[in-house]
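Structure first, commentary second.
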Amino acid sequence: MKNGLKNIRLVATDLDGTFLKNDKTISPKNLESLHRLGERNIIRVAATGRSMHKVREVLNPQIPFDFVVFSSGAGVFDWQKQQHIFSRNLSQHSVKKLLHYFISERLNFHAFFPTPENHKHWFYRGDKKCEEFERYFTYNQAYSFELNVNSLPETEMCQFLVIIPENEERFKTLKNKIESICPEIRVIRASSPITKGFIWIEIFHHTVSKGNGIKHICELKGIQSEQTIGIGNDYNDFDLLDFTGFSFLTENAPAEIKHLYPNTTSNENDAFASAIQPILG
């Protein structure tokens, strides 16, 4: 492992629950580690489920990342140049099918504008009140538009978000049904970053993943996957951790997945700095 770590050219980290502390601040050790990676010309990537609008709430332009893979890989942003360089949205055909299905099932969902404007979204309240849906709506109300079922938007979209109470069987049933609707999509499970006890079901184009976002950057820079490190904390980081050559889950990851990858410290205890310490010496 030590020999492989000598050849590292890219480090990718999730933000919430990984690089960021619980209060969304950046620890001095993590910030110092970012600077030290830059001094060694190692590319620094934030790979997050956040939209770029949400990324800017926790990262200012002076934070020394090189790229941001946002919205779970639906877009890639050159952080140094402050330029959007890649998008992958759901086709209008798939969007139409998914809208009709979610409405017919009376599910609580959000439907997001195409990247990079995907902080804006339509919302639909289903027949079962969901506290988590309302909390998400409250946090994002400034960019929310109620879906008019009699005049559905005819456009590509970045993603859908369906929120359900935590129930694995319910999730698996919905996942199978959603993925059967059209071959273009994939379903990603995420633990709610707002409230425990809820599952966020995220629907993207089937090629969208944090791993493919990192792969796009690697291809631009001529980097092999075995020359990369990935750090995450949740189910939606699996694609990232499967791609990177050396991968770590934080101590605060869900107990049922912590055995899948080597563990590092918690996000409250400088997880990012701890994971990359061996390459900084």
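Miscellaneous remarks
- Charge sum, other residues only, whose C-beta stays under 13 Å from S27's C-beta, Lys/Arg counted +1 and Asp/Glu -1: -1
- Neighbours of V69 by Cβ distance under 12 Å: Lys/Arg scored +1, Asp/Glu scored -1, total 0.
- Of every Cα-Cα pair in the stretch 92-205, the percent that sits beyond 22 Å: 25
- Calculated over the chain, the projected area of the Cα convex hull averaged across directions stands at 14.1 nm².
- Only lysines eight or more places from K96 in sequence, or on another chain, were considered; those with a Cα closer than 22 Å are K120, K175, K177.
- Pairwise FRET efficiency - R170 versus F145, Cβ, R0 = 30 Å, nearest 0.05: 0.65
- Taking every alpha-carbon pair within the stretch 160-281, the share separated by more than 21 Å comes to 48 percent.
- Dipole orientation for the stretch 68-177: of the candidates N150, H84, V68, N150 has the Cα lying most toward the positive pole (charges on Cβ; Lys, Arg +1; Asp, Glu -1).
- Relative contact order (%) - criterion: Cα under 8 Å, at least six apart; region: the stretch 50-146: 19
- Taking every DSSP beta bridge that has both ends in the stretch 140-281, the antiparallel portion is near 70%.
- The chain: relative contact order as a whole-number percent, Cα under 8 Å and 6+ apart: 21
- Among beta bridges that DSSP assigns inside the chain, antiparallel share in %, nearest 5: 60
- Eligible aspartates and glutamates near K221 by straight Cα distance, threshold 14 Å, same-chain separation 8 or greater: D66, D78
- Summing Cβ point charges (Lys, Arg +1; Asp, Glu -1) relative to the Cα centre of the chain gives a dipole of roughly 320 debye.
- Which of Y261, Y136 has the fewest Cβ neighbours within 10 Å, and the rest in rising order: Y261, Y136
- Span-like helix criteria (full DSSP H runs; alpha carbon extent of at least 15 Å along the helix axis; mean Kyte-Doolittle hydropathy of at least -1.0) are satisfied in the chain by 92-104, 210-221.
- By the count of other C-beta atoms within 10 Å, a proxy for reagent exposure, T250, T195, T264 are ordered fewest to most as T195, T264, T250.
- Order of R56, R125 under a 10 Å beta carbon neighbour criterion, fewest first: R56, R125
- Mean-position separation - Cα centroids, the stretch 95-131 and the stretch 261-281, in angstrom: 37
Read-outs: derived from the displayed coordinates by stated rules, not from any lab. For clarity, every value in this text was computed on a predicted model and none was experimentally measured. Positions of Cβ are backbone-derived with ideal geometry, glycine not excepted, and every protein chain shown enters the neighbour counts.
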